[in-house]
Amino acid sequence: HADNNIDYVVDPSTVLRKDDILWFAGTREGLNVLRRIPGLSYVDDQAKKLVANKVHRRLVECVISVNSDLRNKTVREACFRTRFDAVIVAVHRSGSRMLSSIGEIELRAGDLLVLETGPTFVQRFNNDRNFTLLAEINDSTPPRFNKFWIALVACTLMILLPLFWKERFSLINTAVYASAVMIAIGCISAADASKAVSWDVIITIACAFGFSAALEKTNLATLFGQGISYVAASTQSGFWGVLLATYLATSLLSLIVANNAAALLMFPIGVQAAQDSCPDDQSEQQCLEKQMFILMLGASACFASPYGYQTNLMVMAPGHYTFLDFVRFGGFMQLWQVASDVTFVYFVEKWYINW
């Protein structure tokens with residue numbers, strides 16, 4: 001603490017105060033999380049002296065080799081930052097804890113170092129005799145808390161401008177402007193912005209547009225739509241049956257392709273089925289509105305497969321889930337959604353408000 005008292009055992013009730021110095025022992029992932037907590041900074045923040053701009057920095061792991069001339073020298077004696085344009089932020093040595101400041105640690109062969117450095121460190125020192133096993137840690141760019149309010153304003157304007165002035169601004173235009181502003185002011189680098197684009201999703205959606213258009217041009221959409229209407233008429237379930245069939249088909253399709261693509265593929269089929277089976281007491285517009293809402297819900301009901309949506313895959317590995325876990329738990333949710341969504345949309349008069 002600032003009053004020179006030391007807590008060797010820290011329990012959850014310990015109150016942290018300004019200027020307290022914290023010692024951590026943990027994984028590299030934990031280090032990455034700590035760097036993203038506002039208010040925490042390195043005791044001796046040598047990273048401020050790096051040449052590389054903050055937006056381009058990242059964490060790199062490397063091991064001191066047996067032939068390194070850094071062995072048996074402290075970090076300060078080796079002039080590590082000046083020599084390699086990198087700052088050591090953590091040291092791992094055979095599972096033992098390092099109980100001295102970074103500058104006073106005597107480096108040994110086999111020490112694992114976590115460095116904060118520029119984007120070209122791995123390329124420049126990949127064959128250097130001082131290091132072995134160089135590897136960049138993914139998503140390790142240091143946070144830029146001073147850019148928070150600028151990014152927040154840019155994102156807010158991106159949403160509000162097309163919402164209130166849609167005749168002058170479109171969402172795609174404001175999104176491009178907001179992205180350009182955040183790249184220009186250093187919220188994100190151009191390289192990271194490029195990596196953030198999910199090209200596989202965009203290509204899938206683009207291909208689905210073409211396939212959807214092909215379904216309309218070849219009258220396959222009409223045939224599928226008439227087929228759904230025929231099944232509904234045969235079972236005497238009427239428009240409710242059409243909604244149910246559309247929901248089931250869309251949700252099953254969303255289990256194997258992206259939900260955006262599933263909605264695009266089912267759109268012409270759903271429109272045709274709604275037009276063919278719309279009851280006399282409802283207008284065609286009302287039937288189409290209900291069908292589109294069911295289509296939207298069905299495309300988002302991908303609970304029983306890890307491949308239907310990105311977030312399913314994101315939690316699969318960390319949670320040690322299997323495909324059957326999604327089927328076992330998501331299947332019941334899928335059935336509940338089918339029953340509740342279709343019944344609600346069909347029977348509740350002002351479903352679009354009550355929902």
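The values are calculated or read from the model by the stated rules, or taken from the named source; none is laboratory data. A quick note: this is a predicted structure, and the numbers were derived from the prediction, not measured. Positions of Cβ are backbone-derived with ideal geometry, glycine not excepted, and every protein chain shown enters the neighbour counts. Accessible surface areas use protein heavy atoms only, side chains included; no ligands, DNA or RNA. Shrake-Rupley method; radii C 1.70, N 1.55, O 1.52, S 1.80 Å.
Here are some notes:
- The chain, relative contact order [Cα under 8 Å, separation at least 6], %: 12
- Distance (nanometres) between label positions extended 7 Å along Cα→Cβ at Glu289 and Ala191: 5.2
- Cleavage-rule hits, trypsin sites (Lys or Arg not before Pro), the range 156-196, DSSP coil, Cβ neighbours within 10 Å at most 12: Lys166, Arg168
- From most to least packed by mean Cβ count within 10 Å, the peptides 238-251, 170-183 give 238-251, 170-183.
- Each residue was assigned an accessible area with a 1.4 Å probe, and for Asp128 the value is about 40 Å².
- Note on exposure: Lys54, Lys290 ranked by accessible area (1.4 Å probe, complete protein assembly) read Lys54, Lys290, with the most exposed listed first.
- Carbon/sulfur fraction of accessible area - the chain, other protein chains in place, 1.4 Å, %: 62
- Approximate spin-label separation Ser170-Leu40, in nm, with each point projected 7 Å along Cα-to-Cβ: 4.4
- Measuring between alpha carbons in the structure, the pairs from Lys195/Lys217; Lys195/Lys290; Lys49/Lys73; Lys166/Lys217; Lys166/Lys195 lying more than 27 angstrom apart are Lys195/Lys217; Lys195/Lys290; Lys166/Lys217; Lys166/Lys195.
- Partner aspartates and glutamates for Lys18 [C-alpha distance under 13 Å; skip if fewer than 8 residues away on the same chain]: Asp3
- Residues in the chain average 63 Å² of solvent-accessible surface per residue, probe 1.4 Å, ligands and nucleic acids excluded.
- Across the range 1-84, Cα-Cα pairs farther apart than 18 Å form 62% of the total.
- Here r is the Cβ-Cβ distance between Arg28 and Ser198 and R0 is 30 Å; the resulting FRET efficiency, rounded to 0.05, is 0.70.
- Alpha-carbon centroid distance for the pair the range 279-304 / the range 121-171, whole angstrom: 38
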